[in-house]
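Read-outs throughout are calculated quantities, based only on the coordinates presented, and are distinct from any laboratory measurement. If you're wondering where the values come from, they're calculated on a predicted model, not measured in any experiment. Methodologically, a virtual Cβ is constructed for each residue, glycine included, from the backbone with ideal geometry; neighbour enumeration extends over all protein chains shown.
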């Protein structure tokens, strides 16, 4: 039997976990990653060099490394400098990819070279070859530009109506091919607007999804984000995703594990809470215990927002295998 062709859409630590699950299953893996990041090490490099941001792309590359035999490749790609004038807070993998962008003049080409250099099995594709920013449309009519603005922390955040990419751009041709050939397309988990929706708002997406025979899987986030998804339930997330796709997903994966008390307390301190499962009895919904009980604390000089709680890749792999079978 041929390996299932899996396409993962999003970016960040959520995509890292899904790719790790697919590696565990030994499936054919392609990730389509948002490139509108403007914060942290990625944002600093983007401002200095003018290239597409590479932070989420680098995390996806690292996830492609074999869990047993290529540990040092992951270490290299994920290493963050904690001292050094000008280097503190930067990620080594970001710098490597930026150098390859400078040499090739193409983010897509730089990723192809990195995959060969590090002997990685799988493909990482920027969602667009254009240089873009995230345009955020709030429910009060305000419009701002810059993904980093999502992390600003007002006392009472205004609900986000939708996001777009600016200037107008087209889907990477390699992404079009991957989505056309996919057996399963996995959306999320991850930063809802900066990672997930930033890969779904391109004009070619609705036709591709409506015409696709692939299984279309949404993996629901574990927690809300105060500045972005405060008070949003699982169905609220799903409605926005399906509106962007122009069609329904075929499977919705929801965690049924109890969230550890120490993680709940840490999240509550920044006004973030478990995403309410309001899907009821629904034959599209698969509920399973999916939590990795380890609480992840970000490194001292990492300026970006990081999730404290993650999905467990082996538990997730079992659910994805069930879907394909």
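Classify the stretch 119-264 as rounded, prolate or oblate from the Cα gyration tensor: take a ≥ b ≥ c as the square roots of its eigenvalues, call it rounded if a/c is under 1.5, otherwise prolate when a/b beats b/c and oblate if not.
oblate
Based on the Stokes-Einstein relation at 10 °C and a viscosity of 1.306 mPa s, and on the Kirkwood radius from alpha carbon pairs, the stretch 66-194 is assigned a translational diffusion coefficient of 89 µm²/s. Take every Cα pair under 8 Å whose residues are at least 6 apart in sequence, average their separation, divide by the length of the stretch 5-324, and the relative contact order is 20 percent. Placing pseudo-labels 7 Å out from each Cα toward the beta carbon at residue 140 and residue 166 gives an inter-label distance of 1.8 nm. Gain in length, residue 72 to residue 106, computed as 0.36 nm per residue apart minus the alpha-carbon separation, to one decimal in nm? Contour length minus Cα-Cα distance gives 9.7 nm. Dividing the summed helix terms, -39500 (n - 2.57) for each DSSP H run of n ≥ 4, by the number of residues in the chain produces a 222 nm estimate of -10500 deg cm²/dmol to the nearest 500. Each of 103, 197, 232, 279 was scored by other Cβ atoms within 10 Å of its Cβ. Arranged with the fewest first, they read 103, 279, 232, 197.
Rounded to 0.05, the FRET efficiency of the residue 115 and residue 2 pair, given R0 = 22 Å and the Cβ-Cβ distance, is 0.60. Computed from label points 7 Å out along Cα-Cβ, the spacing between residue 204 and residue 83 is 4.8 nm.
Based on the alpha-carbon gyration tensor of the chain and its eigenvalue square roots a ≥ b ≥ c, which shape applies: rounded if a/c is under 1.5, prolate if not and a/b is larger than b/c, or oblate? Rounded. With 0.36 nm allotted per residue and the present C-alpha distance subtracted, the residue 243-residue 282 stretch has 12.1 nm of extension available. The percentage of C-alpha pairs in the stretch 1-148 whose separation is greater than 24 Å is 32%. Among 229, 247, the order by Cβ neighbours within 10 angstrom, fewest to most, reads 247, 229.
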